[in-house]
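A short worksheet on the structure shown next.
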Amino acid sequence: MTSDLFDAEDLAELSRQLESEGFAFTLPDVIPRTDAADVEASPAQARLWYLSQLQPDDWSYNLSAAFRMAKDVSLPRIEAAFARVLERHDALNSSIAPLDGKPILKLWPDTRIKLSVRHLEPGGGATDQNAIDDALADEIRRPFDLAAERPVRLSVVRTENTSCLVIVMHHCAADGWSVPLLLKDFLTAYADHGETPLEPLPVRYRDFAFWQNAQQKTGAMQADLAYWQRRLADCPLSTGFPFRTNVPKTHLAERKSFSIPAAQVDGLAVDLGVTPYAILITLYAFLVSRYSDTQDLLVAASAAGRD
């Protein structure tokens, strides 16, 4: 039973339970490629690339990190350090260009990267911090042209008293898991003035993308795809929500917060043999169903590291 799977205390026990139920997962290893040939973007990258084609001015998939630094920080040192990051992480050093309707990863011929610098004049009725915040926001909200540039850019905003470095990355090359790792590599290379190469990864992202696309064409993956196509074939494309029309599109929204006692959620989850997440997503679906007067709903949820 599905509920039995939640009794597993670790991945090893979960694996044994799945195997005892007849589930077998055997995938070939990712083989490092020895060439720099173009490869098709991974399915996750392809989804983001398609969205960028539909809305080229959209910046909502930009990720960022900012550092306050000394006023006279060395710009060549920052560039040299980040070049080492690009050497190690090829996803940041690859543009995505279309070929026969498919997004293709095109590795840049070198890892040199040029900082953009913006000098803020003193005064103007705003404090240094407000002016810096506005300038950083301008950089973060600038969309990427994924076919013409790397999915990462560096900018320094300077005032009379300080400098701020902002690193902006597109979600097709970084996510919540990888950003801390990238920043750690950058700080390591920065401390070394970018003089020593970082330890190369045993498998690059382009190796993984090539491998994952190959797996998509296997019988097992095709069977999974066919299953979901059947399951979703007759699903409604929209809910009955009375959405307002003739309003500007925006990624900003209002938020209404309320609390549910954790003990109640956990207790109900135990009684039903499901996870607390299953309880909460069911409550959300019930709320949408009631307000939209719709019984058949598609509920999307974010997922990381899953097929």
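Computed from the coordinates by the stated procedures, all read-outs in this text should not be read as laboratory data. Just so you know, these numbers come straight off a predicted model, no measurement behind them. As a convention, Cβ positions derive from the backbone with ideal geometry for all residues, glycine included, and neighbour counts pool all protein chains shown.
The length gained on full extension between residue 298 and residue 225, counted as 0.36 nm times the residue separation minus their Cα-Cα distance, comes to 24.6 nm.
With contacts taken as Cα pairs under 8 Å at a separation of at least 6 residues, the chain carries a relative contact order of 23 percent.
Give, rounded to the nearest 20 debye, the magnitude of the charge dipole that the chain has about its Cα centre when Lys and Arg contribute +1 at Cβ and Asp and Glu contribute -1 at Cβ.
860
Out of 136, 148, 161, whose Cα points farthest toward the positive end of the dipole of segment 126-176 (charges: +1 Lys, Arg; -1 Asp, Glu; placed on Cβ)? Checked the options; the winner is 148.
Full extension of the chain between residue 282 and residue 20 gives 91.4 nm of extra length, using 0.36 nm per residue less the Cα-Cα distance. Taking other residues whose beta carbon is less than 13 angstrom from the beta carbon of residue 196, and scoring Lys, Arg as +1 and Asp, Glu as -1, yields -3.
Taking loop as defined by DSSP and a crowding limit of 12 other beta carbons within 10 Å, which chymotrypsin sites (Phe, Trp or Tyr not before Pro) in segment 6-69 fit?
Here the chymotrypsin sites (Phe, Trp or Tyr not before Pro) that fit, given the DSSP loop and packing criteria, are 23, 25.
Working note: Debye formula, equal point scatterers on the alpha-carbon atoms of segment 44-121, no solvent; log10 I(q)/I(0) at q = 0.11 Å⁻¹ is -0.43.
With both partners inside segment 101-223, how many of the DSSP beta bridges are antiparallel, as a percent to the nearest 5? Once the DSSP bridges in segment 101-223 are tallied, antiparallel ones form about 65 percent. The Cα atoms of the chain define a convex hull whose projected area, averaged across directions, is 22.3 nm².
Simple rule: put +1 on each Lys or Arg Cβ and -1 on each Asp or Glu Cβ in the chain, find the dipole, and look at 64, 275, 225; the Cα lying farthest toward the positive end is 64. With the Kirkwood sum run over all distinct C-alpha pairs, segment 1-102 has a hydrodynamic radius of 19.2 Å. The length gained on full extension between residue 99 and residue 177, counted as 0.36 nm times the residue separation minus their Cα-Cα distance, comes to 25.1 nm.
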